[in-house]
Every structure is written in C-alpha cells, then in structure tokens.
Amino acid sequence: MSTTHELNLTVNGEEWQLSVKGTETLLEVLRKHLTLTGAKSNCLEGECGVCAVLMNGRVVNSCILLAAQCEGAQITTIEGLANGETMHALQTAFLNRGAVQCGYCIPGMIMTAAGYLKENPAPTEEEIREGLCGTLCRCTGYTKIVEAVQEAAQTMGAK
Ligand code: FES
Ligand code: FES
C-alpha cells in the first residue's frame with residue numbers, strides 16, 4: 001500500500017495543498033490532479049524531455065521526480081509561461097519560425113529552452129543544440145527549433 005503525503009506546491013503562481021501518493025510523480029500531479037496537460041507523458045524514464053517543466057527556475061523532467069520530493073517548490077509549466085495574454089518570446093519565435101509540427105515535444109522543448117536561456121542568454125547555435133539535446137523531436141529535424149530559440153534569445157536580450 002502506498003503512503004499518502006500532504007504536498008505544498010506553487011504552480012504557475014498558484015498555491016496548492018494536495019494529498020499525493022508516495023509513488024506519484026510530479027508529472028502525474030500536474031496532469032491528473034491539476035489538469036495541466038501541457039507537460040506530455042511519453043517515455044517516463046527521463047529520456048525524451050517532453051515532460052520538462054521548471055522547478056525553482058531549473059529544468060526538470062517531471063516524469064522521474066516524485067511529487068513528494070517537490071515540497072515547497074515553485075513549478076512553472078508551459079501553461080504559466082505567457083504573461084497574461086502576451087506570449088513568451090519563445091512561444092512567439094516558435095510560431096514565427098514554423099518550428100511546430102505535431103506539437104507533442106514543443107511544451108518540453110520550450111520549457112527546456114526557457115530554463116537554458118536563463119543560464120546562457122546569448123547562446124551560439126551549437127550551444128542551443130547542446131542545451132536542447134535532451135529533448136527529442138520526431139518531426140522537425142531541429143533546424144527551425146534552433147532558429148526559434150536563437151530568435152527568442154535575441155528578442156529577450158534586446159529588452
Ligand atoms: S516522459 Fe519524461 S523524459 Fe520522457
Ligand atoms: S513537433 Fe512533433 S515531436 Fe516535435
């Protein structure tokens with residue numbers, strides 16, 4: 001029998017108190033308890049990156065993080081990235097560059113890029129490719145994604 005934990009979490013600026021099972025992952029809490037389905041569920045082994053979110057500003061694969069390990073954390077998901085009606089520079093750039101095909105990897109890709117650009121706000125193309133290498137896209141061939149992250153970095157740097 002799995003134990004239940006009381007969990008305090010701030011997600012996209014909103015505070016939550018939740019009862020979660022000891023075996024539940026952060027991804028399950030986001031998708032099932034909070035119905036935030038932007039973070040996707042795929043390999044569940046930390047290999048593909050489609051479940052990426054920011055935890056205290058750093059990129060994590062939410063499928064391999066037990067929710068109970070996230071007590072008191074600040075989580076940002078793709079749903080919380082925009083500023084009200086104003087899209088984040090990454091979201092705008094992905095649209096501008098036509099970097100989205102089926103879209104399945106895109107929330108994880110954008111959250112990974114958002115975390116990466118905090119650490120390296122002016123990356124080279126090669127650095128962007130390295131920064132995104134943990135997020136797998138089966139559709140795009142990555143060129144437009146990399147261009148979009150470059151565009152967003154320029155936009156964000158110009159502010
Ligand atoms: S679903 Fe989390 S890394 Fe693949
Ligand atoms: S756009 Fe389809 S998996 Fe990346």
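All of the numbers you see were taken from the coordinates with simple rules; none came from a lab. Fair warning: this is a prediction, and the values are worked out from it, not measured in the lab. Here the Cβ positions follow ideal geometry from the backbone for every residue, glycine too, while neighbour counts run over all protein chains shown.
What translational D, rounded to a whole number of µm²/s, comes out for the chain from Stokes-Einstein when the hydrodynamic radius is the Kirkwood one over Cα pairs, at 37 °C and 0.692 mPa s?
On the way: Rh = 15.9 Å.
Using the Kirkwood radius from Cα pairs, D works out to 206 µm²/s.
What is the magnitude of the charge dipole of the chain about its Cα centre, with +1 placed on the Cβ of each Lys and Arg, -1 on the Cβ of each Asp and Glu, and no other charges, expressed in debye to the nearest 20? Walk me through the intermediate numbers first.
Values: 11 positive and 17 negative charges, 59 e Å.
The calculation lands at about 280 debye.
Based on DSSP H segments of at least four residues, each scored -39500 (n - 2.57), the chain has a per-residue ellipticity at 222 nm of -8500 deg cm²/dmol.
Can you give the net charge of the other residues whose Cβ lies under 11 Å from the Cβ of Leu66, counting K and R as +1 and D and E as -1? Walk me through the intermediate numbers first.
On the way: positive: Lys21; negative: Glu24, Glu28, Glu71.
Net of charged neighbours comes to -2.
Please give the net charge around Asn42, taking every other residue with its beta carbon less than 13 angstrom from that of Asn42, where Lys and Arg add +1 and Asp and Glu add -1. Counting the neighbours of Asn42, the net charge comes to +1. The distance separating the Cα centre of region 64-78 from that of region 136-154 comes to 26 Å.
Have a look at the DSSP beta bridges in the chain and tell me what percent are antiparallel, nearest 5. Present the calculation step by step, with values, prior to reporting the outcome.
On the way: 16 of 18 bridges.
Roughly 90 percent of the beta bridges in the chain run antiparallel, per DSSP.
By the gyration tensor of its Cα atoms, with a ≥ b ≥ c the square roots of the eigenvalues, what is the shape of region 4-80: rounded for a/c under 1.5, prolate for a/b over b/c, or oblate? Cα axes put region 4-80 in the oblate bin.
Under the combined filter of DSSP loop state and at most 10 neighbouring Cβ atoms within 10 Å, region 40-78 retains these GluC sites (Glu not before Pro): Glu45.
Compared with the dominant principal axis of the Cα atoms in the chain, helix 143-157 is inclined by about 90°.
Computed from Cα atoms, the angle from the helix 106-119 axis to the main principal axis of the chain rounds to 80 degrees. Counted by neighbouring Cβ atoms within 10 Å, the residues Lys144, Lys32 run from fewest to most as Lys32, Lys144.
Between the residues Cys102, Leu90, Leu132, the greatest Cα displacement towards the positive end of the dipole of region 89-157, with unit charges on the Cβ of Lys, Arg, Asp and Glu, is found for Cys102. Which trypsin sites (Lys or Arg not before Pro) does region 59-139 hold that lie in a coil by DSSP with at most 15 other beta carbons within 10 Å? Here the sparse-neighbourhood loop sites are Arg138. Dipole check for region 4-80: with +1 at the C-beta of Lys and Arg, -1 at the C-beta of Asp and Glu, and the Cα centre as origin, the magnitude is about 140 Debye. Computed on region 89-157, with alpha-carbon pairs under 8 angstrom and 6+ residues apart, the relative contact order is 54 percent.
Can you tell me the relative contact order of the chain? Whole percent, Cα pairs under 8 Å, sequence separation 6 or more. All intermediate terms of the calculation are to be shown ahead of the outcome.
Details: 280 pairs, mean separation 37.0, N = 159.
Dividing the mean separation by the residue count of the chain yields 23 percent.
Which shape class, rounded, prolate or oblate, goes with region 36-96 when its Cα gyration tensor gives a ≥ b ≥ c as root eigenvalues, a/c under 1.5 marks rounded, and past that a/b bigger than b/c marks prolate? Verdict is oblate for region 36-96.
Based on Cα atoms of region 73-159, Rg over Rh with Rh as the Kirkwood radius reads 0.93.
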